[in-house]
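The values are calculated or read from the model by the stated rules, or taken from the named source; none is laboratory data. All values reported here derive from a predicted model rather than from experimental measurement. Positions of Cβ are backbone-derived with ideal geometry, glycine not excepted, and every protein chain shown enters the neighbour counts. When the accessible area is computed, the model is the full protein with side chains, heavy atoms only, and any ligands, DNA or RNA have been set aside. Shrake-Rupley method; radii C 1.70, N 1.55, O 1.52, S 1.80 Å.
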Amino acid sequence: AAELFTTGEQDPDLLIRTSGEQRISNFLLWQISYAELVVTDRLWPDFGEPEFCAALEEFAGRNRRFGKV
């Protein structure tokens, strides 16, 4: 972790993937190992506050186990 570009930054708790893509394309693989993913069909230029609030509401309703069974 000390050799990553994001050294010193906290790992994200939430990754929002726009445009309906169901893959992460090697984006922050190490850092998002315990992050929750929210996928939306909205394209990035059209992604605004209502979509962000909806993603946060979905995230807030999840039971996070951080790798535990």
Six or more apart or on different chains, Cβ under 7 Å: which pairs go from a residue in segment 47-69 that's farther than 15 Å from P12 by Cα to one that's open to solvent by 80 Å² or more (accessible area, probe 1.4 Å) and modelled with pLDDT of 95 or more? Could you list them? E51/R42
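How many residues does segment 33-69 contain that are part of a loop (DSSP other than H, G, I, E, B), open to solvent by 100 Å² or more (accessible area, probe 1.4 Å) and either in contact with a Ser or Thr (Cβ under 6 Å, 6 or more places away or on another chain) or modelled with pLDDT of 95 or more (or both)?
Taking segment 33-69 first, the residues part of a loop (DSSP other than H, G, I, E, B) are 33-35, 40-43, 47-48, 61-69.
Restricting the remaining residues to those that are open to solvent by 100 Å² or more (accessible area, probe 1.4 Å) gives 34, 41-42, 63, 65-66, 68-69.
Next, from what is left, pick out any that are either in contact with a Ser or Thr (Cβ under 6 Å, 6 or more places away or on another chain) or modelled with pLDDT of 95 or more (or both): 41-42.
Number of matching residues: 2.
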Considering only residues of segment 1-32 that are of a type outside the set (D, E, K, R), in contact with a helix residue (DSSP H, G or I) (Cβ under 9 Å, 6 or more places away or on another chain) and part of a loop (DSSP other than H, G, I, E, B), which is surrounded by the fewest Cβ atoms within 10 Å (Cβ to Cβ)? S19
